[in-house]
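Below is one structure; the comments refer to it alone.
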Amino acid sequence: PNPSFAVVNVQKALLSFYRCSAAAVAAIGSGIHFPKATALRLTLSDLSFNAANINRVQESRSPTYESLIRAFLLHHPSTKSLEISFHPSKHGYTPIILPITVLPMLEVLTLSFGCWGELSFWKDTSFPATTFRIPPIRRLELIAVDLEEDWTSVRRWVERFFAQLTKQGDLDAFEMFTIFYVINRSLESIVAAEICTYLPVEKTSFYENR
């Protein structure tokens, strides 16, 4: 295997993989990193897999996507701002758990999913309840085209996210929950009402463009 190559003096890095092979993404992710980067953006869309048949592809794609993201994040432990865009549309339903627990300094998390039902919450069954933690995120941003249709899918993840911050004692430091989407005032009222247990209205915001 090729040795890892560090690109120094880069503080913001963007890597976008569209219709690439999973093997190519793995090679690039392990072969290059930005040791001083504090802001990262990673896009994974329609990766191709080397499998004998479509059933095998469908069985393996979720853990493969997760391992690719995890390997990339492990190279950048100083990340404070992370944006992940996940659109494996040709593979159908591909639920993943974001491995951001490896980023202890993460403060801003921005997510864009082609299907919000694919965003799964972290599994903490292997950890004692007192030791499982997610990073002390201060800003959560969701980018969606039609969140009115998708809110039912993403709501449970959002609620568990804020419940976990509460459990950790990090909710008081949380600054802003922002949704970028096609403006719908009725949805804004629904979202605000459903997360009011965790956040006051002034800590939620909605924008049409980003």
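The values are calculated or read from the model by the stated rules, or taken from the named source; none is laboratory data. Bear in mind the structure is a predicted one, so any value in this text is a computation, not a measurement. Surface areas here come from the heavy atoms of the whole protein model, side chains and all, with no ligands, DNA or RNA. Shrake-Rupley method; radii C 1.70, N 1.55, O 1.52, S 1.80 Å.
Largest first, the residues 203, 12 sort by 1.4 Å accessible area into 12, 203. Taking amide hydrogens as placed 1.01 Å from N in the peptide plane, the amide H of residue 32 sits under 5 Å from those of 5, each at least 5 positions away in sequence or on another chain. Taking θ as phi - 60° and the Karplus parameters 6.51, -1.76 and 1.60, the scalar couplings of segment 28-39 work out to 5, x, 8, x, 9, 8, 10, x, 9, 5, 10, 10 Hz in sequence order, x denoting glycine and proline.
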